[in-house]
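To keep things clear, I will list the structure first and then write my remarks on it.
The values are calculated or read from the model by the stated rules, or taken from the named source; none is laboratory data. Not measured: the values here are computed from a predicted model. Cβ atoms come from the backbone with ideal geometry, glycine included; neighbour counts cover every protein chain shown.
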Amino acid sequence: MYIRPRRNRKSAAVRFHAQETHLHVGQLIYPLFLYDGKNIKQEVPSLPGNYRWSLDQLIPEVEACLKLGITTFVLFPAVEESLKDKVASYSYAEDNFYLHAIYTLKQKFPECCIMTDVAMDPYSSDGHDGFVLNGQIMNDETLPILAKMSVAQAQAGADILGPSDMMDGRVGFMREALDDAGYNNVSIMSYTAKYASAFYGPFRDALDSAPKAGDKKTYQMNPANKQEALLEAQLDMQEGADYLMVKPALPYLDIIHLLKENCDVPIAAYNVSGECAMLIAACQNGWLDFEKAMPEMLMSIKRAGADVILTYFAKAYAEMLAQGKGFKG
Ligand code: PBG
C-alpha cells in the first residue's frame, strides 16, 4: 500500500495540518434575550445556561463576551403581554426598551456588531409573525409593519437586521424603506430557509411568543422541502439580502450545503434553541461529554458550508478556546 490515509491522522500535529475546516470565534453570533426592568438575570428553564437579561445586567455580560473575542450579538426582546397588540405597534414605539438597549450598547461598545430580529411575534397579541385577519396571516399588510420596525432598529444603531418572519417580499420592502430613510449601510441577514420546525420550543418559552392559535406552517417552510430553499434564496438575493440564513441548522445541513454551493453571499446557519437544549439535556444526564460534543456540533455546521453560526454555545465555545481547549480533531 503506497497510499495510507491513516498517515495523515497519526498525531495531533499532523491531524491539524490536514484539517479542512476551522471555526473561529469571530464566525459565531451570540443570541441574547432582553427583558425590560432592572437587576434581572432569569434562566430560561428549557435552555439552561441562557438568561433573560435586563440591560444593566447585560452590559457586563456583553463586555465579557467581547473580551473573549465574540464580536456579534443577536438580540431578542421578551415583551410584556400588556404591550402586545394586533399590529405590533410597540416594536417601533418611541419608548421601546429593546431599541433603547441597542442604542445604549452601541454607545458603550461601538465596535460590537448588533443584529436585531425583525418579526411581529414578540410584540403580537396573536403570537404570529404576520398580521392576523380572520385567522389568516396577511402577507402584504405585514410588510409596512416590518418596514417601520426596520427603520426604528436602524435608527437605534443596529448593524444587521434579521427578518425572521418568512413573509414574501419582505427583504426588498425593508431594503427600500431603509434606503429611503438613509440607512443604505445597514445590512440584512435574511432568514431565507426558515422551516416550520419543532426545534424552536425553548426560544418561544424565553419570549412567551408561541402562537395563540394555529401554527406557522403557512409561512415557514415544509421540513420535507429542499428545492424550495433555492427559490427563497434567489428571491432574497434579488431583493438585496447581504447574508442568507438556514434555520434550524443540524437537521438541515443539506440545505446549508445547497445554499453555499449555489449562492454568492455569505451563508449563516441558526443552531436553534431546541438543538442546543437537546445537547445540554444529554450532557446533564451524563450521556454525552459537553466539551467534546458541542465543538463537534458547531464544526459540522461549519463543514456543511456555514460562514457564520448563530448559537447559544457561542460563549461556551469562546471560553473553551480561551482555556486552550476548543475543537480537537
Ligand atoms: C420568530 C423567531 C423564532 C426563532 C427566532 N425568531 C421562533 C419562531 O419562528 O417561532 C427561533 C430561534 C430558536 O429556536 O433558537 N420570529
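Answer with yes or no whether SER125 is touching an Asp or Glu at 6+ places or on another chain (Cβ under 7 Å), surrounded by fewer than 22 Cβ atoms within 10 Å (Cβ to Cβ) and farther than 20 Å from LEU55 by Cβ.
On the way: touching an Asp or Glu at 6+ places or on another chain (Cβ under 7 Å): yes; surrounded by fewer than 22 Cβ atoms within 10 Å (Cβ to Cβ): yes; farther than 20 Å from LEU55 by Cβ: yes.
Yes.
Can you pull out the residues in region 129-144 that are in a strand (DSSP E or B) and either more than 16 Å from the ligand (Cβ to nearest atom) or not aromatic (Phe, Trp, Tyr) (or both)?
Those that are in a strand (DSSP E or B) and either more than 16 Å from the ligand (Cβ to nearest atom) or not aromatic (Phe, Trp, Tyr) (or both): VAL132, LEU133, GLN136, ILE137, MET138.
In the set VAL171, VAL186, which member is modelled with pLDDT of 95 or more and touching a Pro at 6+ places or on another chain (Cβ under 8 Å)?
VAL171
Just to be sure I understand the filter: pairs with C-beta atoms under 6 Å, separated by 6 or more residues or on different chains, first member in region 134-155 and at negative phi, second member among the acidic types (Asp, Glu) and in a helix (DSSP H, G or I). Which pairs pass?
none
Each row is one residue, and each column tells you yes or no for (1) within 16 Å of the ligand (Cβ to nearest atom); (2) part of a helix (DSSP H, G or I); (3) of a type in the set (Val, Ile, Thr); (4) crowded, with 19+ Cβ neighbours inside 10 Å.
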| position | (1), (2), (3), (4) |
| --- | --- |
| ILE280 | yes, yes, yes, yes |
| LEU288 | no, no, no, no |
| MET297 | yes, yes, no, yes |
| ILE301 | yes, yes, yes, yes |
| GLU319 | no, yes, no, no |
| LYS325 | no, no, no, no |
| GLY329 | no, no, no, no |
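In region 242-278, what residues are away from the ligand (no atom under 16 Å from the Cβ), surrounded by 21 or more Cβ atoms within 10 Å (Cβ to Cβ) and assigned to a loop (DSSP other than H, G, I, E, B)?
none
Has region 80-98 got any residue that is surrounded by 21 or more Cβ atoms within 10 Å (Cβ to Cβ) and touching a His at 6+ places or on another chain (Cβ under 7 Å)?
No, region 80-98 has no match at all.
Only one of LEU47, LEU55 is within 16 Å of the ligand (Cβ to nearest atom) and either surrounded by 15 or more Cβ atoms within 10 Å (Cβ to Cβ) or under 29 Å from ILE137 (Cα atoms) (or both). Can you tell me which?
Working: LEU55 fails: within 16 Å of the ligand (Cβ to nearest atom).
Selected residue: LEU47, the only one of LEU47, LEU55 that is within 16 Å of the ligand (Cβ to nearest atom) and either surrounded by 15 or more Cβ atoms within 10 Å (Cβ to Cβ) or under 29 Å from ILE137 (Cα atoms) (or both).
Scan region 172-209 for residues that are out of contact with any Gly (no Cβ under 6 Å at 6 or more places or on another chain) and aliphatic (A, V, I, L, M) and jot them down.
Hits for region 172-209 are MET174, ALA177, LEU178, ALA181, VAL186, ILE188, ALA193, ALA196, ALA198, ALA206, LEU207.
Scanning region 220-241 for residues that are out of contact with any helix residue (DSSP H, G or I) (no Cβ under 8 Å at 6 or more places or on another chain) and not in a helix (DSSP H, G or I), which turns out nearest to the ligand (Cβ to nearest atom)?
For region 220-241, the residue satisfying everything is GLN220.
Can you find even one residue in region 62-77 that is among the basic types (Lys, Arg) and either over 22 Å from MET115 (Cα atoms) or assigned to a strand (DSSP E or B) (or both)? Explain how you work it out, then say what you get.
Looking only at region 62-77, we keep the residues that are among the basic types (Lys, Arg), and these are 67.
Next, from what is left, pick out any that are either over 22 Å from MET115 (Cα atoms) or assigned to a strand (DSSP E or B) (or both): none.
No: zero hits.
Select, from ASP121, ASP126, ASP117, the only residue that is of a type outside the set (Lys, Arg), part of a strand (DSSP E or B), within 16 Å of the ligand (Cβ to nearest atom) and in contact (Cβ under 8 Å) with a residue 12 or more places away in the chain.
Only one candidate passes the filter, namely ASP117.
Could you say whether any residue in region 151-161 is away from the ligand (no atom under 11 Å from the Cβ), part of a loop (DSSP other than H, G, I, E, B) and surrounded by fewer than 21 Cβ atoms within 10 Å (Cβ to Cβ)?
Restricting attention to region 151-161, the residues satisfying the condition of being away from the ligand (no atom under 11 Å from the Cβ) are 151-161.
Now drop any that are not part of a loop (DSSP other than H, G, I, E, B), which leaves 157-159.
If we keep only those that are surrounded by fewer than 21 Cβ atoms within 10 Å (Cβ to Cβ) as well, we get 157, 159.
The answer is yes, given that some residue of region 151-161 is away from the ligand (no atom under 11 Å from the Cβ), part of a loop (DSSP other than H, G, I, E, B) and surrounded by fewer than 21 Cβ atoms within 10 Å (Cβ to Cβ).
Which count do you get for residues in region 62-89 that are under 17 Å from LEU310 (Cα atoms), away from the ligand (no atom under 16 Å from the Cβ) and not small (Gly, Ala, Ser)?
In the first step, residues of region 62-89 are kept if they are under 17 Å from LEU310 (Cα atoms); the result is 62, 65-66, 68-77.
Checking the rest, the ones that are also away from the ligand (no atom under 16 Å from the Cβ) come to 62, 65-66, 68-71.
Filter again for not small (Gly, Ala, Ser), leaving 62, 65-66, 68, 70-71.
Going through region 62-89 one residue at a time, the tally reaches 6.
In the list SER187, SER209, SER197, SER164, which residue meets the criterion of being away from the ligand (no atom under 16 Å from the Cβ) and of a type in the set (S, T, N, Q)? Explain how you work it out, then say what you get.
Working: SER209 fails: away from the ligand (no atom under 16 Å from the Cβ); SER197 fails: away from the ligand (no atom under 16 Å from the Cβ); SER164 fails: away from the ligand (no atom under 16 Å from the Cβ).
Going through SER187, SER209, SER197, SER164 in turn, just one is away from the ligand (no atom under 16 Å from the Cβ) and of a type in the set (S, T, N, Q): SER187.
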